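Peer 1: Take a look at the following structure, please.
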Amino acid sequence: MSEVNNKYKVLFVCLGNICRSPAAQGIFEHIVRENGMTEKIAADSAGLYGGHAGQHPDRRMRTAALYRGYGLTHSARQVRGYDFNDFDLIVAMDDQNYEDLMHIAPSVEATHKIRRMAEYLTTHKISYIPDPYYMGVEGFGLVLDLLEEGCQNLFDSIVKAESL
Ligand code: 4NP
(Lines give C-alpha, C1' and ligand atoms only; values in the text may rest on other atoms or scores of the structure.)
Protein backbone atom coordinates (compact mmCIF):
# COMPACT_ATOMS: atom_id res chain seq x y z
CA MET A 1 0.00 0.00 0.00
CA SER A 2 1.37 3.41 -0.95
CA GLU A 3 2.53 5.74 1.79
CA VAL A 4 0.71 8.56 -0.04
CA ASN A 5 -3.04 8.71 0.95
CA ASN A 6 -2.93 5.05 1.98
CA LYS A 7 -4.40 4.08 -1.39
CA TYR A 8 -3.24 1.22 -3.59
CA LYS A 9 -1.77 3.01 -6.60
CA VAL A 10 -1.43 1.66 -10.13
CA LEU A 11 0.61 3.30 -12.90
CA PHE A 12 -0.12 2.31 -16.51
CA VAL A 13 2.82 2.76 -18.87
CA CYS A 14 3.18 2.77 -22.67
CA LEU A 15 5.52 4.55 -25.06
CA GLY A 16 3.85 7.90 -25.78
CA ASN A 17 1.23 8.10 -22.99
CA ILE A 18 -1.30 9.33 -25.55
CA CYS A 19 -3.01 6.07 -26.67
CA ARG A 20 -2.78 2.84 -24.66
CA SER A 21 -1.88 3.88 -21.11
CA PRO A 22 -4.31 6.82 -20.76
CA ALA A 23 -7.05 4.52 -22.10
CA ALA A 24 -6.07 1.86 -19.54
CA GLN A 25 -6.14 4.53 -16.81
CA GLY A 26 -9.59 5.76 -17.90
CA ILE A 27 -11.07 2.26 -18.05
CA PHE A 28 -9.49 1.23 -14.74
CA GLU A 29 -10.70 4.41 -13.00
CA HIS A 30 -14.19 3.75 -14.37
CA ILE A 31 -14.13 0.24 -12.83
CA VAL A 32 -12.81 1.63 -9.53
CA ARG A 33 -15.65 4.21 -9.44
CA GLU A 34 -18.33 1.68 -10.40
CA ASN A 35 -17.20 -0.51 -7.50
CA GLY A 36 -17.13 2.35 -4.98
CA MET A 37 -13.38 1.95 -4.39
CA THR A 38 -12.10 5.47 -5.08
CA GLU A 39 -11.02 5.85 -1.45
CA LYS A 40 -8.87 2.74 -1.71
CA ILE A 41 -7.47 2.48 -5.25
CA ALA A 42 -6.00 5.19 -7.50
CA ALA A 43 -4.43 5.19 -10.97
CA ASP A 44 -2.24 7.31 -13.20
CA SER A 45 -0.41 6.78 -16.50
CA ALA A 46 2.90 7.80 -18.04
CA GLY A 47 5.07 7.24 -21.11
CA LEU A 48 8.65 6.10 -21.54
CA TYR A 49 9.04 8.68 -24.32
CA GLY A 50 8.53 12.25 -23.11
CA GLY A 51 7.91 13.88 -26.50
CA HIS A 52 4.14 14.10 -26.02
CA ALA A 53 4.29 15.50 -22.47
CA GLY A 54 1.42 17.87 -21.73
CA GLN A 55 -0.73 16.58 -24.58
CA HIS A 56 -4.22 15.13 -24.23
CA PRO A 57 -4.72 11.57 -25.45
CA ASP A 58 -4.71 11.04 -29.23
CA ARG A 59 -8.00 12.27 -30.72
CA ARG A 60 -8.70 8.84 -32.27
CA MET A 61 -8.34 7.15 -28.88
CA ARG A 62 -10.45 9.81 -27.15
CA THR A 63 -13.21 9.30 -29.73
CA ALA A 64 -13.12 5.50 -29.52
CA ALA A 65 -13.07 5.58 -25.71
CA LEU A 66 -15.89 8.13 -25.44
CA TYR A 67 -18.03 5.92 -27.68
CA ARG A 68 -17.75 3.29 -24.91
CA GLY A 69 -18.40 5.80 -22.14
CA TYR A 70 -14.87 6.64 -21.05
CA GLY A 71 -13.89 10.32 -21.07
CA LEU A 72 -10.10 10.53 -21.22
CA THR A 73 -8.77 13.73 -19.63
CA HIS A 74 -5.19 12.77 -18.78
CA SER A 75 -2.26 15.04 -19.69
CA ALA A 76 0.73 13.02 -20.94
CA ARG A 77 3.88 12.86 -18.85
CA GLN A 78 7.10 10.87 -18.86
CA VAL A 79 7.84 8.09 -16.36
CA ARG A 80 10.06 9.38 -13.53
CA GLY A 81 12.24 7.55 -11.03
CA TYR A 82 10.03 8.51 -8.12
CA ASP A 83 7.14 6.57 -9.71
CA PHE A 84 8.78 3.39 -8.44
CA ASN A 85 8.35 4.68 -4.88
CA ASP A 86 4.97 6.29 -5.36
CA PHE A 87 3.17 3.37 -7.03
CA ASP A 88 2.44 -0.14 -5.82
CA LEU A 89 2.08 -1.64 -9.28
CA ILE A 90 3.46 -0.50 -12.66
CA VAL A 91 1.71 -2.07 -15.65
CA ALA A 92 3.53 -2.15 -19.01
CA MET A 93 1.54 -2.35 -22.25
CA ASP A 94 4.11 -4.32 -24.29
CA ASP A 95 7.42 -6.16 -23.99
CA GLN A 96 9.53 -3.15 -24.94
CA ASN A 97 7.80 -1.03 -22.28
CA TYR A 98 8.45 -3.85 -19.79
CA GLU A 99 12.14 -4.10 -20.69
CA ASP A 100 12.58 -0.32 -20.53
CA LEU A 101 10.91 -0.15 -17.12
CA MET A 102 13.09 -3.00 -15.83
CA HIS A 103 16.12 -1.07 -17.07
CA ILE A 104 15.28 2.18 -15.28
CA ALA A 105 13.95 0.60 -12.05
CA PRO A 106 16.10 1.97 -9.21
CA SER A 107 16.25 -1.27 -7.20
CA VAL A 108 15.52 -4.99 -7.35
CA GLU A 109 12.51 -4.37 -5.11
CA ALA A 110 11.23 -1.83 -7.64
CA THR A 111 11.41 -4.39 -10.48
CA HIS A 112 8.97 -6.57 -8.53
CA LYS A 113 6.28 -3.91 -9.04
CA ILE A 114 6.41 -4.21 -12.85
CA ARG A 115 3.84 -6.35 -14.67
CA ARG A 116 2.64 -6.80 -18.25
CA MET A 117 -0.98 -5.84 -19.01
CA ALA A 118 -1.36 -9.04 -21.04
CA GLU A 119 -0.89 -11.10 -17.84
CA TYR A 120 -4.44 -10.06 -16.98
CA LEU A 121 -6.01 -11.22 -20.26
CA THR A 122 -8.01 -14.43 -20.11
CA THR A 123 -10.11 -14.78 -23.25
CA HIS A 124 -7.81 -12.86 -25.63
CA LYS A 125 -4.76 -14.87 -26.67
CA ILE A 126 -2.23 -12.11 -27.21
CA SER A 127 0.93 -11.42 -25.18
CA TYR A 128 0.98 -7.60 -25.46
CA ILE A 129 -1.24 -4.58 -26.04
CA PRO A 130 -0.46 -3.51 -29.62
CA ASP A 131 0.43 0.09 -30.36
CA PRO A 132 -2.57 1.53 -32.29
CA TYR A 133 -0.77 4.75 -33.26
CA TYR A 134 -0.20 3.67 -36.86
CA MET A 135 -3.37 1.55 -37.14
CA GLY A 136 -6.87 2.30 -38.35
CA VAL A 137 -10.03 2.62 -36.28
CA GLU A 138 -10.13 -1.19 -35.73
CA GLY A 139 -6.78 -0.96 -33.93
CA PHE A 140 -8.20 1.41 -31.33
CA GLY A 141 -11.25 -0.83 -30.87
CA LEU A 142 -9.04 -3.88 -30.38
CA VAL A 143 -6.92 -2.05 -27.80
CA LEU A 144 -10.06 -1.04 -25.89
CA ASP A 145 -11.36 -4.64 -25.99
CA LEU A 146 -8.07 -5.89 -24.52
CA LEU A 147 -7.88 -3.14 -21.92
CA GLU A 148 -11.47 -3.63 -20.74
CA GLU A 149 -10.80 -7.29 -20.01
CA GLY A 150 -7.32 -6.69 -18.59
CA CYS A 151 -8.39 -3.82 -16.33
CA GLN A 152 -11.33 -5.79 -14.90
CA ASN A 153 -9.08 -8.76 -14.09
CA LEU A 154 -6.38 -6.47 -12.73
CA PHE A 155 -8.95 -4.76 -10.48
CA ASP A 156 -10.26 -8.14 -9.25
CA SER A 157 -6.73 -9.38 -8.52
CA ILE A 158 -5.85 -6.24 -6.52
CA VAL A 159 -9.04 -6.41 -4.45
CA LYS A 160 -8.35 -10.07 -3.70
CA ALA A 161 -4.61 -9.76 -3.02
CA GLU A 162 -4.96 -6.65 -0.88
CA SER A 163 -8.22 -7.76 0.81
CA LEU A 164 -9.84 -4.41 -0.10
P1 4NP B 1 1.12 4.89 -27.09
O2 4NP B 1 1.18 5.13 -28.68
O3 4NP B 1 2.48 4.39 -26.65
O4 4NP B 1 0.06 3.88 -26.92
O5 4NP B 1 0.78 6.25 -26.48
C6 4NP B 1 2.19 5.89 -29.28
C7 4NP B 1 2.01 7.25 -29.42
C8 4NP B 1 2.99 8.02 -30.02
C9 4NP B 1 4.15 7.42 -30.48
C10 4NP B 1 4.33 6.07 -30.32
C11 4NP B 1 3.36 5.31 -29.71
N12 4NP B 1 5.15 8.20 -31.11
O13 4NP B 1 6.17 7.62 -31.51
O14 4NP B 1 5.00 9.42 -31.23
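Peer 1: Given the convex hull over the Cα atoms of the range 1-129, what projected area results after averaging over all orientations, in nm²?
Peer 2: Across all orientations, the range 1-129 yields a mean hull projection of 8.0 nm².
Peer 1: Oh, and also: Label 7 Å along Cα→Cβ of THR73; the range 126-160 residues with amide nitrogen under 19 Å?
Peer 2: Counting backbone N atoms under 19 Å from the label point, the list is empty.
Peer 1: Using helices alone, what [θ] at 222 nm do you get for the chain, with -39,500 (n - 2.57) per DSSP H run of 4 or more residues, divided over all residues and rounded to the nearest 500?
Peer 2: -12500 deg cm²/dmol
Peer 1: For the chain, list the DSSP H helices whose alpha carbon atoms reach 18 Å or more along the long axis and whose average Kyte-Doolittle value is -0.5 or above?
Peer 2: 20-34, 137-161
Peer 1: In whole angstrom, note down how far apart the Cα centers of the range 106-164 and the range 31-80 are.
Peer 2: Their Cα centres are 14 Å away from one another.
Peer 1: Right, another one. Pick out which of LEU15, LEU66, LEU121 has the largest mean-square fluctuation in a Gaussian network model of the chain, springs linking Cα atoms closer than 10 Å.
Peer 2: Judging by the Gaussian network model, the answer is LEU66.
Peer 1: Mind putting together the pair-distance distribution for the range 54-164? All Cα pairs, 10 Å bins, whole percent per bin, short to long.
Peer 2: P(r) over the range 54-164, rounded to whole percents: 13, 37, 40, 10, 0.
Peer 1: Per residue, how much accessible surface does the range 8-162 expose to a 1.4 Å probe? Answer in Å², no decimals.
Peer 2: 48 Å²
Peer 1: I've got another one for you. Using a Gaussian network model of the chain whose springs link C-alpha atoms within less than 10 Å, name the residue from VAL13, VAL32, VAL108 with the highest mean-square fluctuation.
Peer 2: Its mean-square fluctuation being the largest, the pick is VAL108.
Peer 1: Taking the Cβ-Cβ separation of HIS112 and ASN35 as r and a Förster radius of 25 Å, what is the calculated FRET efficiency to the nearest 0.05?
Peer 2: The computed FRET efficiency comes out at 0.45.
Peer 1: Of the heavy-atom accessible surface of the range 11-51 (probe 1.4 angstrom), what whole percent is carbon and sulfur?
Peer 2: Result for the range 11-51: 45 percent of the exposed heavy-atom area is carbon or sulfur.
Peer 1: Take the chain, connect every pair of alpha-carbon atoms lying under 10 Å apart with a spring to form a Gaussian network, then pick out the residue of ILE114, ILE18, ILE126 with the largest mean-square fluctuation.
Peer 2: ILE126
Peer 1: What size of dipole, in debye to the nearest 20, comes out for the chain about its Cα centre when the only charges are +1 on Lys and Arg C-beta atoms and -1 on Asp and Glu C-beta atoms?
Peer 2: Using Cβ point charges on Lys, Arg, Asp and Glu, the chain gives about 340 debye.
Peer 1: Only loop residues by DSSP count here, and only those with at most 14 other Cβ atoms within 10 Å; note down the chymotrypsin sites (Phe, Trp or Tyr not before Pro) in the range 8-108 that meet that.
Peer 2: The qualifying sites are TYR82.
Peer 1: For ALA161 and ASN6, what does the FRET efficiency come to when R0 = 25 Å and r is the distance between their Cβ atoms, rounded to the nearest 0.05?
Peer 2: Taking R0 as 25 Å, the efficiency between ALA161 and ASN6 is 0.95.
The values are calculated or read from the model by the stated rules, or taken from the named source; none is laboratory data. Quick caveat: nothing in here was measured; it's all calculated off a predicted structure. Neighbour counts run over all protein chains shown; Cβ positions are idealised from the backbone, glycine included. With ligands, DNA and RNA removed, areas are computed over all heavy atoms of the protein, side chains included. Shrake-Rupley method; radii C 1.70, N 1.55, O 1.52, S 1.80 Å.
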